[in-house]
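So the structure is just underneath, and the comments pick up after that.
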Amino acid sequence: MKKSYRIKKNEEFQLVFQKGSSFANRQFVLYYMEKAGQAHFRIGLSVGKRIGNAVVRNRVKRLLRQAFLELHEEIKHEYDLVVIARVPAKDLDFPDVKKSLNHLLRKTKLIKPIKKDTKS
């Protein structure tokens, strides 16, 4: 994922936490904040030490980045997103991470509506 798609600074994380909204499921907590005029969404990932050692935490982050990469065409552009991994996330494989993330994005309406084909 390109650097322009990432939230790295603590101040930016704190802004999303304080001024944004949140939604959670068992594996992840998603904080989101609208930023008008932004060319693309930005994400910040937080995987705490309770998840496991560095190898496990980095694996969870890699899976999340890949899921965002695959969903990036569908996600609305004018948002900053922060994903916090919960302990059950360490046991997920990629399809489960993508499914869980997709669930959060659909519930928060951050995924663009699916265009239905009228071919019948």
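The values are calculated or read from the model by the stated rules, or taken from the named source; none is laboratory data. As the structure is a prediction and not an experimental result, all values here were calculated from the model. Backbone-built Cβ (ideal geometry, glycine too); neighbour counts: all protein chains shown. For accessibility, only protein heavy atoms count, side chains too; no ligands or nucleic acids. Shrake-Rupley method; radii C 1.70, N 1.55, O 1.52, S 1.80 Å.
Observations
- Inter-label distance, residue 10 to residue 91: 3.4 nm, where each label sits 7 Å from its Cα along the C-beta direction.
- Charge dipole (Cα centre; +1 on Lys/Arg Cβ, -1 on Asp/Glu Cβ; no other charges) of the chain amounts to roughly 200 debye.
- Per residue of the chain, the DSSP helices (runs of n ≥ 4 H) give a summed -39500 (n - 2.57) that works out to -11500 deg cm²/dmol at 222 nm.
- Within the chain, no whole DSSP H helix has Cα atoms reaching 18 Å or more along its own axis together with a mean Kyte-Doolittle score of at least 1.0.
- Loop sites in the range 26-120: GluC sites (Glu not before Pro), DSSP, at most 14 other Cβ within 10 Å: 73, 74, 78
- Each Cα pair under 8 Å and six or more residues apart adds its sequence gap; the mean of these over the residue count of the range 3-69 is a relative contact order of 28 percent.
- Trypsin sites (Lys or Arg not before Pro), loop per DSSP, at most 12 other Cβ atoms within 10 Å - longest free stretch of the chain: 51-108
- If you sort 100, 22 by accessible surface, 1.4 Å probe, largest first, the order is 22, 100.
- Zone of residue 54's modelled label, taken as backbone nitrogen in the range 75-99 under 20 Å from a point 7 Å along Cα→Cβ: 85, 90
- Heavy-atom SASA rank of 103, 72 (probe 1.4 Å, accessible area, largest first): 103, 72
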